[in-house]
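*Asks:* I'd like to ask you about the structure that follows.
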Amino acid sequence: MFDFAIITDWIDQTLKTFLPEGWAFFFECVLIALALLTAYAVLAMILIYVERKICALFQCRLGPNRVGPFGVFQTVADTLKMLIKELIPINSVDRVLFFVAPFIVIAASVLSFGAIPFGNGLQVLDFNIGIFYMIAVSSLGVLGIMLAGWSSNNKYSMIGAMRSGAQMISYELSVGMSLMTMVLLAGSLQLSEIIAAQADTWLIFQGHIPALIAFVVYLVAGHAETNRGPFDLPEAESELTAGYHTEYSGIQFGFFYLAEYLNMFIVAAIATTVFLGGWMPFHVSGWDGFNQIMDYIPSVLWFLGKTFFVVFLSLWIRWSFPRLRIDQLLKLEWKYLLPLNLLNLLLMALVVVFELHF
């Protein structure tokens, strides 16, 4: 399987040949930032288009079909429109916090996005506490949402922000516990080592029933973390207009919109990395010919294919179930998912201690 480290090492050596080490490091950081921001924007537009088409499929409609073939440029047109829309001034807001909030939300999303291993040798950050880092920085987004609701001086925005805070803080527990269950099986917090441990068999198959339970719990809790239906109480258009971003317009609203879709991708990417082998191909023990054919498929395609499969599951859930009430949402977490997670963590510990895994 092709190792993208060959390309990145070549770029590094080329820059160091023609530039001093400090300037070479600076230009590498600029190139990485441009690559991440470009991938961030392109993936967001792809996800918006994909959701519109899948939503239309579930509702027996066509979806975007006017701008470009099959409506593929509809998202590009909407993005350009959002970039040039007027920022409507609101008189009674706390201006500093109101303008800072969208940047906190987008920064938390970009920090998480930067640590995703997209392919073999294609990862910007690879901390030895990678899972802990992902949980920590992804949880910063709730600060931006709370500030947006508070600073808007709008009762609908404030109610949406309070709902989001209660929801995200609650479901972070289940996300963290389900990931820790798999860390216990993999024996490492480092994302590259977790992927390496799945070279022969993905962790969801290695860990038997506890791994499957952790995967299902992670999907439910991760979906709730993204504030998307049926867990979209912080926005709840029928109740709160647009929730915590009611007063935002133009590019400021665009930041919240982008972060929502990329957070969905990040949740799916973490599930792919921890449960489904990351960029590792699908191997069957003893099927050497089949395994060699699987190795010819680029690692980036494996990663994106698995991630978009998890995204499809998320969209399937969103367009299949009605919105929950806030008490039902919190009851699901505290009375069912969290006790199940604790029991499952103990069960995985027994599987690891007695070496019952594959």
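*Asks:* What distance in nm separates the simple spin-label points at THR14 and VAL216, each placed 7 Å from Cα in the Cβ direction?
*Replies:* Calculated label separation equals 5.0 nm.
*Asks:* Rg over Rh of the stretch 7-112, using C-alpha atoms and the Kirkwood radius, what does it come to?
*Replies:* 1.13
*Asks:* For labels at PHE2 and LEU330 in the simple 7 Å Cα→Cβ model, what's the distance in nm?
*Replies:* My value for the distance between the label points is 5.2 nm.
*Asks:* Right, next: Give the residue from LEU258, ALA197, LEU19 lying farthest towards the positive end of the charge dipole for the chain; charges sit on Cβ (+1 for Lys and Arg, -1 for Asp and Glu) and the dipole is referred to the Cα centre.
*Replies:* With unit charges placed on the Cβ atoms, the residue in question is LEU258.
*Asks:* Per residue, what volume in Å³ does the convex hull of the Cα atoms of the stretch 257-331 enclose?
*Replies:* It is 129 Å³ per residue.
*Asks:* To continue, here is another question. From the Cα trace of the stretch 4-55, what convex hull volume per residue do you get, rounded to a whole Å³?
*Replies:* Convex hull of Cα atoms, per residue: 69 Å³.
*Asks:* With springs only between Cα atoms under 10 Å, which of THR14, THR38, THR201 fluctuates most in a Gaussian network model of the chain?
*Replies:* Ranking THR14, THR38, THR201 by mean-square fluctuation puts THR14 first.
*Asks:* Can I ask one more? How large is the charge dipole for the chain, taken about the Cα centre, if only the Cβ atoms of Lys, Arg (+1) and Asp, Glu (-1) carry charge, to the nearest 20 debye?
*Replies:* That gives a dipole near 1180 debye.
*Asks:* Can you tell me which of GLY160, GLY305, GLY207 moves the most in a GNM of the chain? Springs connect C-alpha atoms under 10 Å apart.
*Replies:* GLY305
*Asks:* Please report the Cα spread of the stretch 207-261 along all three principal axes, rounded to whole Å, starting with the longest.
*Replies:* 48, 23, 10
*Asks:* Using only the heavy atoms of the protein chains and a 1.4 Å probe, how would TRP287, TRP202, TRP319, TRP334 rank by accessible area, largest first?
*Replies:* Ranking TRP287, TRP202, TRP319, TRP334 by accessible area, largest first, yields TRP287, TRP334, TRP319, TRP202.
*Asks:* Please give me, ordered by residue number, the trypsin sites (Lys or Arg not before Pro) of the stretch 43-82 that lie in loop per DSSP and have at most 15 other Cβ atoms within 10 Å.
*Replies:* In loop regions of the stretch 43-82 (DSSP not H, G, I, E or B), the sparsely surrounded trypsin sites (Lys or Arg not before Pro) are ARG61, ARG66.
*Asks:* To continue, here is another question. Given LEU304, PHE99, SER188, which one lies farthest toward the positive end of the charge dipole of the chain, if we put +1 on the Cβ of every Lys and Arg and -1 on the Cβ of every Asp and Glu?
*Replies:* Projecting each Cα onto the dipole axis, the largest value belongs to PHE99.
*Asks:* Pick from LEU147, LEU31, LEU342: which residue has the top mean-square fluctuation in a GNM of the chain where Cα pairs under 10 Å get a spring?
*Replies:* With Cα springs under 10 Å in the chain, the top fluctuation among LEU147, LEU31, LEU342 is at LEU31.
*Asks:* For the chain, take every pair of Cα atoms, bin their distances at 20 Å starting from 0, and report each bin as a whole percent.
*Replies:* Percent of pairs per bin, in order: 27, 57, 16, 0.
*Asks:* Using helices alone, I'd like the mean residue ellipticity at 222 nm for the chain: each DSSP H run of four-plus residues gives -39500 (n - 2.57), total over residue count, nearest 500.
*Replies:* Theoretical 222 nm ellipticity from helices: -22500 deg cm²/dmol.
*Asks:* Could you derive backbone 3J(HN,Hα) for the stretch 150-156 from the dihedral phi with the Karplus parameters 6.51, -1.76 and 1.60 (θ = phi - 60°), listing whole Hz in sequence and x where the residue is Gly or Pro?
*Replies:* 5, 6, 5, 6, 9, 5, 5
*Asks:* Once fully extended, how much extra length lies between LEU36 and TRP316, figured as 0.36 nm per residue of separation less the alpha-carbon to alpha-carbon distance?
*Replies:* 98.0 nm
The values are calculated or read from the model by the stated rules, or taken from the named source; none is laboratory data. Just so we're clear, the structure is a prediction, and the values are computed from it rather than from any experiment. Every residue, glycine as well, gets a Cβ built from its backbone with ideal geometry; the counts of neighbours run over all protein chains shown. Accessible surface is based on the protein model in full, side chains and every heavy atom, while ligands, DNA and RNA are left aside. Shrake-Rupley method; radii C 1.70, N 1.55, O 1.52, S 1.80 Å.
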